[in-house]
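Written below as structure tokens is the structure these notes are about.
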Amino acid sequence: AQSVTQLDSHVSVSEGTPVLLRCNYSSSYSPSLFWYVQHPNKGLQLLLKYTSAATLVKGINGFEAEFKKSETSFHLTKPSAHMSDAAEYFCVVSPTGNQFYFGTGTSLTVIP
Amino acid sequence: GAGVSQSPSNKVTEKGKDVELRCDPISGHTALYWYRQSLGQGLEFLIYFQGNSAPDKSGLPSDRFSAERTGGSVSTLTIQRTQQEDSAVYLCASRLRGSGEQYFGPGTRLTVT
């Protein structure tokens, strides 16, 4: 069975401090993994994806994620939060490349 | 180029009525997905079309929900005899075959009164 667990429903950070959004997955296959961002009243946008190449994946807007197979994790990080990073973030697993399983999302608040 | 478009952007309907939601995918994208996003929830998979293959309907919550995709392009999601629990944002996404990235439309916000 495939599933995604986003460990925090809400994360609050101060502007300029690091961001860590946690994601654990379970999959019967070697999955592809994604992070999507959803800004208020906007559509979902791909931040980054892991598809069995380098385990450290760089995305847009300074975000990174590291695939750790031993920990079945794919945590999203950013060294320094910006006000514009406030949004909902979704971790997604795709076991076969056809179906996509979304986590329940993490709401990121950035405090000025 | 044009992205995924959905119409209407908002729909208010009375309980028991039927509704149709439309999705225009990116031209050339062979895969098309429908998801439902309820308040404070993640995306719930509904149905997936890939080219001319039979759709994967495993996520449809009841037989009141159906979808079709005509000519491998435009898709319509139909909800019959709507219930209040159907209120949600319905998202459509398309994907190029062989690519993992889904491109999402802006969604249709459905409110059942």
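The values are calculated or read from the model by the stated rules, or taken from the named source; none is laboratory data. These numbers come from a predicted model, not from an experiment. Note that each Cβ is placed from the backbone with ideal geometry, even for glycine, and that neighbours are counted across all protein chains shown. Ligands, DNA and RNA are stripped out before the accessible areas are found, and what is left, the full protein with its side chains, is counted by its heavy atoms. Shrake-Rupley method; radii C 1.70, N 1.55, O 1.52, S 1.80 Å.
Cross-link partners for residue B:11 among the lysines, with Cα-Cα distance under 24 Å and sequence neighbours closer than 8 places in the same chain left out: A:42, B:57. Normalised by the number of residues in chain A, the mean separation of alpha-carbon contacts (under 8 Å, six or more apart) gives a relative contact order of 38 percent. Reducing the range A:66-111 and the range B:49-103 to their Cα centroids gives an inter-centroid distance of 24 Å. Placing pseudo-labels 7 Å out from each Cα toward the beta carbon at residue A:111 and residue A:69 gives an inter-label distance of 4.0 nm. In order along the range A:18-26, the Karplus-derived 3J(HN,Hα) couplings, from 6.51 cos²θ - 1.76 cosθ + 1.60 at θ = phi - 60°, round to x, 10, 9, 10, 9, 9, 10, 9, 10 Hz, and Gly and Pro are given as x. Accessible surface calculations at 1.4 Å, restricted to protein heavy atoms, place chain A at 48 Å² per residue.
Applied to the range A:89-96, the Karplus parametrisation 6.51 cos²θ - 1.76 cosθ + 1.60 on θ = phi - 60° returns per-residue 3J(HN,Hα) values of 10, 10, 8, 9, 10, 10, x, 10 Hz, with x for Gly and Pro. Here the simple spin-label model places points 7 Å from the Cα toward Cβ, and for residue B:99 and residue A:7 these points are separated by 3.3 nm.
Put simply, the amide H of residue B:47, placed in the peptide plane, has neighbours under 5 Å in B:34, leaving out anything fewer than 5 places away on its chain.
Taking 4 °C and 1.567 mPa s as the conditions, I'd like the Stokes-Einstein D for chain A in µm²/s, using the Kirkwood hydrodynamic radius from alpha carbon pairs. Please list the in-between numbers first.
Details: Rh = 13.9 Å.
It diffuses with D of about 93 µm²/s by this estimate.
Rg and Dmax of the range B:15-99, based on Cα coordinates, read 12.8, 40 Å.
Give me the accessible area buried between chains A and B, both sides summed, with a 1.4 Å probe, in Å² rounded to the nearest 100. Show your work: numbers first, answer last.
Details: alone 6050 and 6160 Å², together 10870 Å².
Approximately 1300 Å², summed over both chains.
Within the range B:53-72, name every residue whose backbone N is under 19 Å away from a label modeled 7 Å from Cα of residue B:44 along the Cβ vector. So the set is B:56-68. Residues within the reach of a label modelled at residue B:15 (point 7 angstrom out along Cα to beta-carbon, backbone nitrogen below 14 Å), restricted to the range B:88-113, are B:112-113. Could you name the lysines whose alpha carbon sits less than 27 Å from that of residue A:68, not counting residues in the same chain fewer than 8 places away? Within the straight-line limit of under 27 Å, residue A:68 reaches these lysines: A:49, A:58, A:78.
Counting Lys and Arg as +1 and Asp and Glu as -1 over every other residue whose Cβ lies under 14 Å from the Cβ of residue B:107, the net charge comes to +2.
Taking every protein chain into account, the 1.4 Å probe leaves residue B:109 with about 120 Å² of accessible area, to the nearest ten. Other residues lying with their Cβ under 9 Å from the Cβ of residue B:48 contribute a combined charge of 0, Lys and Arg counting +1, Asp and Glu -1. For the protein assembly as shown, the spherically averaged projection of the C-alpha convex hull amounts to 12.6 nm².
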